[in-house]
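Here the structure is laid out as structure tokens; the discussion comes afterwards.
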Amino acid sequence: MFVRLLQVGFGLIAFAALLLSVLIQIKGAGFIERRIPSWKSAQATLPPNKPSKELPPAHEMKDAVVRAFQHAWSGYERDAFGDDQYHPIGKHGSNMSSKGAIGYTILDALDTMLLMGLTEEYSRSREWVATKLTFDIDQQYNMFETTIRVLGGLLSAYHLSGGDSLYLEKAVDLADRMMPAFDTPSGLPHAMFNAARRVAVPDTDNQNLISTAEAGTVQLEFKYLSHLTGNPLYWEKTEKAMEVIKNALGDGLAPISLSPITGQFIESPIRLGSRGDSFYEYLLKQYLQTARTENVYRKMYDGTMREIHDRLIRTTNHANFTYTVELLPDAEGQWRVSHKQDHLVCFLGGSLLLGATEGRASVPPNFETFMPHEIRDWNTGLELIKTCMMTHETATKLSPEIAYFYPPEDPMSMKRDWYIKKSYISTTPLLDARYILRPETVESLFLAYRMTGNQKYREWGWEIFQAIEKHCKVPSGGYAGVNDVAAKNPQHIDSMETFFLGETLKYLYLLFSDPSMLPLKGWSFVSVDLIMNCARPCLLSKQPPRRRV
């Protein structure tokens, strides 16, 4: 590996995937009823450790992923270098603002380049950061996306580069511009901020609300920045937001909308997909980030996992696949069940495995040491990963943005497990049917492989990679999503999402790498772009750090 990986002594061990919102398509079915799934067992399980197909050597699969990154990057660098977004079909870029770029694609990809040892691509990218990147742009940006992609990318590059001060200086400049978003009556941040004016901007498109994922998925990056700089402000502001959420949450599950003014949840759906997903991830990761010293986060995580099992986990009638449902509030104050699962939910399988082991167990784990709730979470994690792979059983072998499962009262539930929603008035595929290069399933495959040693997860990852190569690769450079995974010859969507470089290819690369590269017991992804070392416990126990002189 080309870059020396410094130990920074930051106590955390976690992984995550944070991503864009998707349109909400609802197929409701009856009122919620609690039930204990039939798969629940008192013993933890492992699938057979044998792939059904002969795999290429691991180094060949890993090298193939590196070539895919280089192909994607060659198109971006030729057509749109420095731009926030890349459109490989039209061969041009676009920015979040007409006034310039803030580095979404480059910063999202820096750590992947460093891990892959792509010195030339990295050097040119660093030069752009040094000479072209500025945050002094009079434009409003989303707090959540900017934190996980731009700030997280800078902090990860700082760490993996061995402490290049350029990245820390840029991170501090950006974070200081974002801090005013937290100056609200409740302490929850507004969803937007103006980078040049350094002011909060309410999200008028969402009734001035902020999603639970947005409010609860900025803590890790800002706390790490406090660790690196000694400035407690970043810690204090983001910790206050978590305190507000905890007080509003109680012992239940979190609706997806909060008011930055009152600090209270607003009547809205409960789901593990868009606008809710990463909140649940970060509960575990904040506990791990603090060297397991802040038990409040472990208790919040365990409580929400218990509620998820009681209220959101279901199994299909046909093949007994495990999936998650959404809860929708109705006019009578009741909750309706929607048997709908976003692709985003596929983070949960790997996250549950991580929560059961905290990354410290043997490979495979010694289940005799597991507590009952850890066995429950382990089994659920494995089953959810299997279900996510089942949604890849399409004409393209790619999974849709949204999968619908047949509820038990539907006669079709005895014949089939799931389907992709179609329009009744148009032949144009719904957005549900698209695949936009998302990373959630491969992230869970990576975690599952590292914690079980089971070659089946590499096989599944290789199948996904081959499907991406077949259907998403643009010959002239770059990769693009597809509009309908159920079509034999789907049309390309003219966008290469930044997370394809920053997450999807990174997780595939690590899946096929030797486990000594970023071992779970020492290294961690705490967000989609933030990579740190867990050399020794430090920071984030009860008090924020003091500012360094």
Could you count how many residues in segment 295-313 are buried (at least 19 other Cβ atoms within 10 Å of the Cβ) and either without any contact (Cβ under 8 Å) to a residue 12 or more places away in the chain or outside any helix (DSSP H, G or I) (or both)?
2
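Residue-by-condition table, conditions (1) open to solvent by 10 Å² or more (accessible area, probe 1.4 Å); (2) free of Cβ contacts under 8 Å to residues at least 24 places away in the same chain; (3) in contact with a helix residue (DSSP H, G or I) (Cβ under 9 Å, 6 or more places away or on another chain):
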site: 453; (1), (2), (3): yes, no, no
site: 459; (1), (2), (3): no, no, no
site: 469; (1), (2), (3): yes, no, yes
site: 485; (1), (2), (3): no, no, yes
site: 490; (1), (2), (3): yes, no, yes
site: 498; (1), (2), (3): yes, no, yes
site: 501; (1), (2), (3): no, no, yes
site: 510; (1), (2), (3): no, no, yes
site: 516; (1), (2), (3): yes, yes, no
I need the full set of residues from segment 141-167 which are of a type in the set (Gly, Ala, Ser) and open to solvent by 10 Å² or more (accessible area, probe 1.4 Å), in order please.
161, 162, 163, 165
For residue 227: the one exception among (1) open to solvent by 10 Å² or more (accessible area, probe 1.4 Å); (2) more than 22 Å from residue 168 (Cβ to Cβ); (3) not β-branched (Val, Ile, Thr)
(2)
Go over the candidates 275, 292 one by one and state the one that is among the charged types (D, E, K, R), assigned to a loop (DSSP other than H, G, I, E, B) and closer than 27 Å to residue 177 by Cβ.
275
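Looking only at residues that are small (Gly, Ala, Ser) and not in a loop (DSSP other than H, G, I, E, B) in segment 439-473, which one is nearest to the chain's Cα centre (by Cα)?
444
State whether one or more residues within segment 169-178 are within 25 Å of residue 97 (Cβ to Cβ), acidic (Asp, Glu) and outside any helix (DSSP H, G or I). Quick ask: steps written out before the conclusion?
Here is the first cut: in segment 169-178, the residues within 25 Å of residue 97 (Cβ to Cβ) are 169-178.
The next check asks that each one be acidic (Asp, Glu); those that pass are 169, 173, 176.
In the following step, the residues that additionally are outside any helix (DSSP H, G or I) were identified as none.
Within segment 169-178, none of the residues are within 25 Å of residue 97 (Cβ to Cβ), acidic (Asp, Glu) and outside any helix (DSSP H, G or I).
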Report, ordered by the first and then the second residue, all pairs with beta carbons closer than 9 Å, sequence separation of six or more or different chains, a first member in segment 117-139 that is open to solvent by 80 Å² or more (accessible area, probe 1.4 Å), and a second member that is among the charged types (D, E, K, R).
124/77; 136/173; 136/177
Condition (residue is in contact with a Gly (Cβ under 9 Å, 6 or more places away or on another chain), assigned to a helix (DSSP H, G or I), without any contact (Cβ under 8 Å) to a residue 60 or more places away in the chain and surrounded by fewer than 23 Cβ atoms within 10 Å (Cβ to Cβ)) applied to segment 248-270: is it met by at least one residue?
yes
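For residue 539, are the conditions met, namely being crowded, with 17+ Cβ neighbours inside 10 Å and at pLDDT 70 or above? Before the answer, list the steps.
On the way: crowded, with 17+ Cβ neighbours inside 10 Å: yes; at pLDDT 70 or above: no.
No; evaluated as a whole, the condition is false for this residue.
So that you can scan it fast, the table gives a plain yes or no per residue for (1) in contact with a helix residue (DSSP H, G or I) (Cβ under 6 Å, 6 or more places away or on another chain); (2) open to solvent by 30 Å² or more (accessible area, probe 1.4 Å); (3) part of a strand (DSSP E or B); (4) among the aromatic types (Phe, Trp, Tyr):
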site: 64; (1), (2), (3), (4): no, no, no, no
site: 67; (1), (2), (3), (4): no, yes, no, no
site: 70; (1), (2), (3), (4): no, yes, no, no
site: 74; (1), (2), (3), (4): no, yes, no, no
site: 79; (1), (2), (3), (4): no, yes, no, no
site: 83; (1), (2), (3), (4): no, yes, no, no
site: 86; (1), (2), (3), (4): yes, no, yes, yes
site: 93; (1), (2), (3), (4): yes, no, yes, no
Of the numbered conditions (1) at positive phi; (2) without any contact (Cβ under 8 Å) to a residue 12 or more places away in the chain; (3) touching a strand residue (DSSP E or B) at 6+ places or on another chain (Cβ under 9 Å), residue 330 fails exactly one; give the number of that condition.
(1)
If residue 61 meets every condition in (1) modelled with pLDDT under 50; (2) within 27 Å of the chain's Cα centre (by Cα) apart from one, which number is that one?
(1)
Looking at (1) crowded, with 24+ Cβ neighbours inside 10 Å; (2) part of a helix (DSSP H, G or I), which is the one condition that is false for residue 323?
(2)
Is one or more of the residues making up segment 184-205 open to solvent by 10 Å² or more (accessible area, probe 1.4 Å), more than 30 Å from residue 349 (Cβ to Cβ), among the acidic types (Asp, Glu) and not in a helix (DSSP H, G or I)?
yes
State which residue is nearest to residue 351 (Cα to Cα) when the search covers only segment 292-320 and only residues that are among the acidic types (Asp, Glu) and out of contact with any Gly (no Cβ under 7 Å at 6 or more places or on another chain).
302
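The values are calculated or read from the model by the stated rules, or taken from the named source; none is laboratory data. These numbers come from a predicted model, not from an experiment. Reconstructed Cβ throughout: ideal geometry from the backbone, glycine too, with neighbour counts over all protein chains shown. Calculation scope for accessible area: heavy atoms of the full protein, side chains included, ligands and nucleic acids excluded. Shrake-Rupley method; radii C 1.70, N 1.55, O 1.52, S 1.80 Å.
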